[in-house]
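Okay, so here's the structure we're looking at.
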Amino acid sequence: MQASATRHVGFLLIPGFSLLSYASTVEPLRAANRLSGRDLYRWSQITDRGRPVAASSGLSIAASGSVGDDIPLDMILVCAGGNPALHRSVRTFAFLRRHARRGVTIGGVSGGPYLLARAGLLDGYRCTIHWDHMAPFREDFPQIDMTHALYEIDRGRLTCAGGIAGFDMMRAIIAAEHGAALAASVSEWFLQTQLRSGGGPQRMTLRERYGVANPKLLRALQAMEDTAQTPLTRTELARASGVSVRQIERLFASHLGTSVGDVYIKMRLDRARALVHETALPILEIAVACGFATGSHFSRAYRARFGKAPSRDRKAVILEQESTLPPQTDKPS
């Protein structure tokens with residue numbers, strides 16, 4: 001579908017957003033204008049109060065307007081990072097709902113889909129989010145159809161896992177609106193020689209992440225990732241990998257320099273930390289969801305890995321991030 005008039009894109013920047021995710025989505029628009037010789041797109045930076053907002057790197061971006069302004073927009077992309085679950089400004093949600101009712105395309109980048117879901121704008125839509133936010137997102141919004149894709153374009157909703165995947169999504173939008181030739185030129189402009197579809201994986205393969213090629217060890221690692229909530233015994237894990245218990249221990253020791261138990265508990269604790277940071281689930285529920293039989297065992301393991309008990313870790317994250325968030329008591333504009 002070809003777009004004729006200049007399209008106005010509003011980037012709603014949430015404190016702690018990823019600068020890379022923002023740049024990956026705005027730069028393709030600039031390149032499309034430059035390479036086409038026309039103003040195909042223009043963009044504005046919008047914040048809750050119309051003030052500059054700091055990215056996770058500490059660099060501040062000036063705002064063009066606030067969520068209280070009546071800015072005519074064709075598309076809104078919410079850029080969020082850190083702990084998007086903490087952002088509960090009713091001004092922001094009212095802004096998103098108001099534009100959604102007007103038929104504006106609404107999108108979220110990195111942690112941005114969390115805010116779209118909180119505003120009720122992803123029910124009935126397919127979406128994705130950065131893999132680090134997936135566990136808490138699934139806990140908070142079990143009714144939403146979440147995928148592990150790099151990006152999803154479902155009718156009037158755009159969601160993207162963030163990072164350089166923002167470039168892939170914007171390239172697809174440019175291709176749909178102004179043709180494949182311009183989109184290819186944008187890719188070449190930024191030295192992108194390998195195109196990625198939206199359905200591509202967010203994470204490296206287990207082979208790449210762990211630096212191993214042994215197929216039996218890879219089967220074991222996959223089984224471990226799939227069973228964080230109900231951990232397999234060593235006998236069950238060995239059976240899933242097609243080796244004996246003694247052989248599986250040897251594989252972990254020789255290829256990874258550690259034990260089955262150490263790798264397993266690290267996987268489960270990493271998932272638990274995401275839930276501690278980004279949900280309000282009780283600590284005991286998180287312990288159970290990550291395969292720990294008792295809260296005390298979970299707390300000891302968590303403290304040993306991260307240096308703080310889960311309750312203290314949650315409190316520290318909330319205090320740190322709430323200091324950068326706008327007031328939550330605003331009335332919708």
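Here P231 meets the list (1) touching a Leu at 6+ places or on another chain (Cβ under 9 Å); (2) surrounded by 15 or more Cβ atoms within 10 Å (Cβ to Cβ); (3) within 30 Å of G124 (Cα to Cα); (4) not assigned by TED's automatic domain parsing to the domain that holds D74 almost entirely, failing just condition (3). Residues in the stretch 170-200 that are over 19 Å from S36 (Cα atoms) and surrounded by 14 or more Cβ atoms within 10 Å (Cβ to Cβ): R196, G198, G200. Within the stretch 145-162, residues that are closer than 13 Å to T105 by Cβ reach partners that are among the acidic types (D, E) with beta carbons closer than 6 Å, at six or more positions or on different chains, in the pairs T159/E152.
Restricting to the stretch 241-268, count the residues that are farther than 13 Å from M224 by Cβ and in a helix (DSSP H, G or I). Here the count works out to 8.
With respect to R203, determine if the residue is surrounded by 17 or more Cβ atoms within 10 Å (Cβ to Cβ) and over 19 Å from D262 (Cα atoms). It is false that R203 is surrounded by 17 or more Cβ atoms within 10 Å (Cβ to Cβ) and over 19 Å from D262 (Cα atoms).
Restricting R42, R7, R38 to those that are more than 23 Å from V67 (Cα to Cα) and out of contact with any Gly (no Cβ under 8 Å at 6 or more places or on another chain) reduces the list to R38. Is it the case that I106 is outside any helix (DSSP H, G or I) and within 19 Å of the chain's Cα centre (by Cα)? Yes. Please verify whether E208 is over 21 Å from T128 (Cβ atoms) and either without any contact (Cβ under 8 Å) to a residue 12 or more places away in the chain or outside the structural domain of I76 (by TED's automatic domain parsing) (or both), treating the condition exactly as stated. Here the answer is no, as E208 does not meet what is asked.
Considering the stretch 281-306, the residues that are of a type outside the set (A, V, I, L, M) and not in a helix (DSSP H, G or I) include one that is farthest from F141 (Cα to Cα), namely T294.
The values are calculated or read from the model by the stated rules, or taken from the named source; none is laboratory data. Model, not experiment: these values are computed from the prediction. Reconstructed Cβ throughout: ideal geometry from the backbone, glycine too, with neighbour counts over all protein chains shown.
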